[in-house]
1. Here are B:Glu231, B:Glu205, B:Glu257: which of them is at pLDDT below 90 and charged (D, E, K, R)?
2. Collect the residues in the stretch A:56-83 that are more than 11 Å from every other protein chain (Cβ to nearest Cβ), in contact (Cβ under 8 Å) with a residue 12 or more places away in the chain and not polar (S, T, N, Q), keeping them in residue-number order.
3. Write out, first by first residue and then by second, each pair whose Cβ atoms fall under 6 Å of each other, whose residues are 6+ apart or on separate chains, and whose first residue, in the stretch B:9-24, is closer than 16 Å to B:Ile295 by Cα and within 14 Å of chain A (Cβ to nearest Cβ) while the second is in a helix (DSSP H, G or I) and not acidic (Asp, Glu).
4. For residues that are surrounded by fewer than 24 Cβ atoms within 10 Å (Cβ to Cβ) and at pLDDT below 95, scanning just the stretch A:28-37, find the one that is nearest to the other protein chains (Cβ to nearest Cβ).
5. Could you please find all residues in the stretch A:173-210 being under 13 Å from the mean Cα position of the chain (by Cα) and surrounded by fewer than 19 Cβ atoms within 10 Å (Cβ to Cβ)?
6. Restricting attention to strands (runs of 3 or more DSSP E) lying wholly within the stretch B:80-157, give those where 1 or more residues are surrounded by fewer than 17 Cβ atoms within 10 Å (Cβ to Cβ).
7. Looking only at the stretch A:12-27, how many residues end up being farther than 21 Å from A:Cys176 by Cα and surrounded by fewer than 18 Cβ atoms within 10 Å (Cβ to Cβ)?
8. Got a sec? Which helices (runs of 4 or more DSSP H) wholly within the stretch B:322-380 have at least 3 residues that are in contact (Cβ under 8 Å) with a residue 24 or more places away in the chain?
Amino acid sequence: MIKIENLVKRYGDNVALDHFNLNVEEGEIFGLLGPNGSGKTTAINCMLALLKFDRGSIKIMGEEMAPDNYKVKEQIGIVMQDVAVFEELNVQENIDYFCSLYVKDRKKRRELVEDAIRFVGLEEYRKSYPKKLSGGLLRRLNIACGIAHRPKLIILDEPTVAVDPQSRNKILEGICELNRQGSTIIYTSHYMEEVEQICTRIAIMDHGRSIAVGTKEELKGMIKTGETVTIEAVILSEGDLSEIRTLPHVFDVQYSDQKLVVRCTGAKHNLIHILNCLQEKEIPFGRVFSELPTLNDVFLEITGKQLRD
Amino acid sequence: MWDMIRYSFLTKIRNRDLIFWPLVFPFVLTTAMYFSIGQVGEADFETVEAAIVTEEGQNEGDIQNSGEEMFSQFLEGVEEDSDLIRTMEMTEADAVKALENGEVDGIFYSGEDPSLTVSGSGFPQSILQMILENYTEGKQTLEDVARLHPEGMEAAVEAMSDYGDAVEQVSLGGRTTDGTAQFFYALLGMACLYGCFIGYNSAMELQANLTPLAARRCAGPVNRLSLVLTETLVSFGLHFVNMVLLLAYMKYILKLEFTGSYAEMLPALFLGSMIGVTMGMFVTSVGKAGEGVKIGIMVGVSMALSFLAGLMNADIKNVVDKNASLINRINPAALISDAMYCINVYDAPERYAQDMLILAVMSVILIAGTFLIIRRERYVSI
């Protein structure tokens, strides 16, 4: 569906995309995950033929993407990071306007607009103007404007920024439904939980490069961390910490503010080993957590920094 | 295409900010100007009443040969030639009483050196003062005539007291004007340039590097030229219709003097509207300055050009025409104002044609420049 090869985009001395590669198959929900400034939106704008780039190629549906490639553009739906609707048009008019850029037949369009309104749950607000809508409803309108013409490829650039949890869930469910209906989805976000929840494959971006690509399981399998054990309200000496470091499968121990974080490779009984060690030394402790690796751990291990740094 | 035109029109007429400056403000300003300066030319003029007090103790023979006789003759001449003043001879006591009662606006004391007493300040008092000063300045001449050519004394006094031309103003083209029309012609020029706000709005919704809305539109499968043409046509159409309504408002509601035909006036407004709209699109599309800076530039340019066209003071246009005529030859507001003047006052078809030609050339240059910038399909940064 999308094939990007060695894409380079510079803003003066700043390299926004550094030999960026991407391959998205039809029917996927493909996640582009990375911190702010990692090049996600720049990559999207290049795909949409809005931005000039210095090097590389972008093929969508087998064709080189260009501003006048209307045949391909007709098949794409775009949901911008910022809400991009007319303040002067009501919900129904906004959706109809953007749909009219793709669908000329008025009768068909009327049906598509109705479907889109129903899909995002804005039936009660069809005559409302954007100013009167809450942040969550506005985001839903933004999505409806991008999907009303039933595109084969939908690009959603951080569609849940500043959205309440209820609306966020509704949006994520909607994206999965669109995928079930046959659309291929490109979903960019810096919320790893969202990407983990809905994406079938994920590319992790940093400094304009795709640093890891795969399913969430594949990505987690790429790193050493198999389990992270966190113990709160525990007072430890340097000797205690040294002893914990020698436990089987433990490869990283961090201790600060009476909080112990132990990273272990993927193996059974890591938590029992650590707790036994503390009990033998009669060291009291507070709450205990055991977490499987997250995409943040993947990012942390590959780049040495947190995803939200 | 029809849907794009329909929605473009709807978004513009529902945008209150957009409607106010280019579409409503000129009507408000026209009305305000009409009720201030527009009424000056039509104000009812009342003849100024003055008392004349002659010096006591002079006999008839003395009076005949004195400057007092000369002054009385002068005032009689003024009265005969115009409705400017009406004089009544009184004793000093009666004159003072009449002045206190408001029956006269001033008292002339005739004599070798005539003087004036008034009870306040205002238009009538200024006229009396002006008449006295005029006499004082020409007194030496009259004395010379009386001494050397006494037979021509009557003619000299009559010439000096001729105030007929102060009452009526006649244009070179033979069409009368109230003298305030130039403000309204300049206001039409300003209103045309205020189309830049509509052009600004259009460019903001066309250039993907300016707003997310424009980016979304550019990402759609619509030919760039169609988008640009739709926006330009709707913006221009809206502004031109508004300018026609403004002209009709001036002519039929406010009854201002627009004696020229619509066939001559509308082309000037047509080109002016086009220049205003494309100027806004051009300024908004060029450079990386913020929205505030671009709006500031547009307001500054529109107001400066309107000022030079005589919007605030009609003399400014004349001063610029006299000392730096090139400025007003490339100032669209001045050209529109001048074209209106040619049609309604001068009756100067050649100058009108020249104004229209310059406006047309400016329109073409602005449209071409704007399209060259706005036709970009890919941007360096968004």
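1. B:Glu257
2. Answer for the stretch A:56-83, where residues must be more than 11 Å from every other protein chain (Cβ to nearest Cβ), in contact (Cβ under 8 Å) with a residue 12 or more places away in the chain and not polar (S, T, N, Q): A:Gly56, A:Ile58, A:Lys59, A:Ile60, A:Met61.
3. The qualifying pairs are B:Leu18/B:Lys12; B:Leu18/B:Asn201.
4. So the residue we want is A:Gly37.
5. Within the stretch A:173-210, A:Tyr191, A:Glu193, A:Glu196, A:Gln197, A:Ile198, A:Thr200, A:Arg201 meet the criteria.
6. Ranges flagged: B:85-89, B:115-118.
7. 7
8. B:332-341, B:349-374
The values are calculated or read from the model by the stated rules, or taken from the named source; none is laboratory data. Computed from a predicted model, the values in this text were never measured in an experiment. All Cβ positions, glycine included, derive from the backbone under ideal geometry; neighbour counts span all protein chains shown.
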